[in-house]
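K.L.:
Got a structure here, written out as structure tokens. Questions coming.
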Amino acid sequence: MTATGADRTLALLESQVGRALADVETPVAVIDLDRLEANLTDLQSYADEHHIALWPHAKTHKSPEIGHRQLALGAAGLTVAKSGEAQVFQEAGVPRILIHYQPFGEAKWERLADIAAAEVELTVAVDGVAPAEGLAQALHRRGLSAEVLVELDVGMHRTGQTTVDGAVAVAEQLAQLPGLEVAGISCYPGHCRRGDPDLPEKLRAADEVLQAAASAFDRAGLRRDRISGGSTPTRLLTHTTCVNELRAGTYALLDRNEADDERCALWIEATVVSDSLPGQVVVDGGSKTFTSDPYPDGGHGSVIGAPGAGFVRVNEEHGYIDVSALDDRPRVGSHLQIVPNHACGCINLHDGALAVRDGVVDHVIRIAGRGLIR
């Protein structure tokens, strides 16, 4: 049988262990262990200080190793988007999993029932009855149960009930379904972005919606002890809201959209393969390596240590770096370290990442949940 790309990639990455970064084959995803550990510890300390349960969103790293690091520091459980991701973390021994995505379809409902049958404490967030009805039937047939959160739209306008009354009505219907227990409410303030001067006001408005929903649940006699929300841009303001379960995800790795280069644990190690055009070099990674996710001011990543360089364009396998403002132009064969715009999308393109400490490859972090879009 022909080896898959994942098999070949992981074998190649394992062969890099012990090498200095300057000697690894590129392009390759790199995770700096010191920065990763600092990022994880900082947010867990914040959550502990403010008595907030941290449920990191594992869609960012998709890695059981990093997930277990988060749990060991004190995370209450892990959040995922898709049922396939949940399956990976269940098989890796994660005891509590929150699916913050509408699961629809028999295969997904049965997959989630399998996860619950493995003695995982399962929670699912929904904004309507239809996704929950099929899940309830799958659980009830097998004598299983899960908790559900009712999602509210607090400003992003993607999913979630748009009114408090609508959320209460959904919760009352969910409460009648076998195998499910309404446990509270959830939201995602994805419209609150880093660098937006209106972020505090937008978050206050979102919190007003959550507080109104919590009061309405109380009046209706509905359980709402779990109020799940938050994001990486809003993570350190969570204590100013009524949210008691924080689902930040990108904080673990950080990226160009969320932090300055020196705090980002993830970058792509790339090699300059062409300098034939004046003022430009080309590296050996493009959209299949970095993603083409946007940045507010343009560009596709940040070149570490070269603030004058601009990552201006990508093809599938080529990255175009404008070096016209640099006094010391990178030569063919030299390595560049480039922080991607979006860590979550970038990680999903890689089967593994090189875990590095002090510039030397320590081990391979397997990204076991990559590509699981169902």
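K.L.:
Note the angle between two axes, namely the Cα long axis of helix 33-49 and the longest principal axis of the Cα atoms of the chain, as a number of degrees from 0 to 90, rounded to the nearest 10.
P.N.:
Rounded to the nearest ten degrees, it is 30.
K.L.:
Just order 294-302, 11-19 by mean Cβ neighbour count inside 10 Å, highest at the front, would you?
P.N.:
294-302, 11-19
K.L.:
Quick one: angle between helix 199-219 and the longest Cα principal axis of the chain, in degrees between 0 and 90, rounded to 10, please.
P.N.:
The helix 199-219 is inclined about 20 degrees to the chain.
K.L.:
On the protein heavy atoms, probe 1.4 angstrom, tell me the percent of accessible surface of segment 32-82 carried by carbon and sulfur.
P.N.:
Heavy-atom surface of segment 32-82 belonging to carbon and sulfur, 1.4 Å probe: 53 percent.
K.L.:
Also, I was wondering about something else. What is the distance in Å between the Cα centres of segment 335-374 and segment 207-221?
P.N.:
40 Å
K.L.:
Pop a pseudo-label 7 angstrom from the Cα along the beta-carbon direction at both residue 107 and residue 7 and give the gap in nm to one decimal.
P.N.:
Output for this residue pair reads 2.3 nm.
K.L.:
Along the Cα→Cβ direction, 7 angstrom out, place labels at residue 25 and residue 316. What is the inter-label distance in nm?
P.N.:
Going by the 7 Å Cα→Cβ label model, 2.0 nm.
K.L.:
Among the lysines, select those whose C-alpha is under 20 Å from the C-alpha of residue 62, and discard any that sit fewer than 8 residues away in the same chain.
P.N.:
82, 108, 288
K.L.:
Ordered by residue, what ³J(HN,Hα) values in Hz, to whole numbers, does segment 323-331 give under the Karplus form 6.51 cos²θ - 1.76 cosθ + 1.60, where θ = phi - 60° and Gly and Pro are x?
P.N.:
Karplus-based 3J(HN,Hα) across segment 323-331 equals 10, 5, 8, 8, 6, 10, 6, x, 9 Hz.
K.L.:
Another question, if that's okay. Excluding residue 224 itself, calculate the net charge of residues whose Cβ lies under 14 Å from the Cβ of residue 224, where each Lys or Arg counts +1 and each Asp or Glu counts -1.
P.N.:
-4
K.L.:
Excluding residue 88 itself, what net charge comes from residues whose Cβ is under 14 Å from its Cβ, given Lys and Arg +1 and Asp and Glu -1?
P.N.:
+2
K.L.:
Can you give me the angle between helix 130-141 and the longest principal axis of the chain, using Cα atoms only, in degrees from 0 to 90, rounded to the nearest 10?
P.N.:
Roughly 70 degrees between the two axes.
K.L.:
Moving on. Long-range amide H contacts for residue 336: which residues qualify at under 5 Å (H placed 1.01 Å from N, peptide plane, sequence gap of 5 or more or a different chain)?
P.N.:
270, 271, 272
K.L.:
Follow-up question, since we're still on this one. Using a/c under 1.5 as the rounded threshold, could you call the chain rounded, prolate or oblate? The axes a ≥ b ≥ c are square roots of the C-alpha gyration tensor eigenvalues, and prolate needs a/b larger than b/c, oblate otherwise.
P.N.:
prolate
K.L.:
Another question, then. For a quick check, take a GNM of the chain with Cα springs below 10 Å and name the residue from 119, 133, 262 with the largest mean-square fluctuation.
P.N.:
In this elastic network of the chain, the residue with the biggest mean-square fluctuation among 119, 133, 262 is 262.
K.L.:
Between residue 42 and residue 374, what's the calculated FRET efficiency when r is the beta-carbon distance and R0 is 35 Å? Round to 0.05.
P.N.:
After rounding, the FRET efficiency stands at 0.55.
K.L.:
Amide H neighbours of residue 57 under 5 Å, at least 5 residues apart or on other chains, H built in the peptide plane: list them.
P.N.:
79, 248, 249
K.L.:
When ligands, DNA and RNA are left out and all protein chains stay put, how many square angstrom of accessible area per residue does the chain have with a 1.4 Å probe?
P.N.:
Result: 43 Å² per residue.
The values are calculated or read from the model by the stated rules, or taken from the named source; none is laboratory data. Owing to the predicted nature of the structure, the values given are computational and were not obtained by experimental measurement. Cβ atoms come from the backbone with ideal geometry, glycine included; neighbour counts cover every protein chain shown. Areas reflect the complete protein model, heavy atoms only, side chains present, ligands, DNA and RNA absent. Shrake-Rupley method; radii C 1.70, N 1.55, O 1.52, S 1.80 Å.
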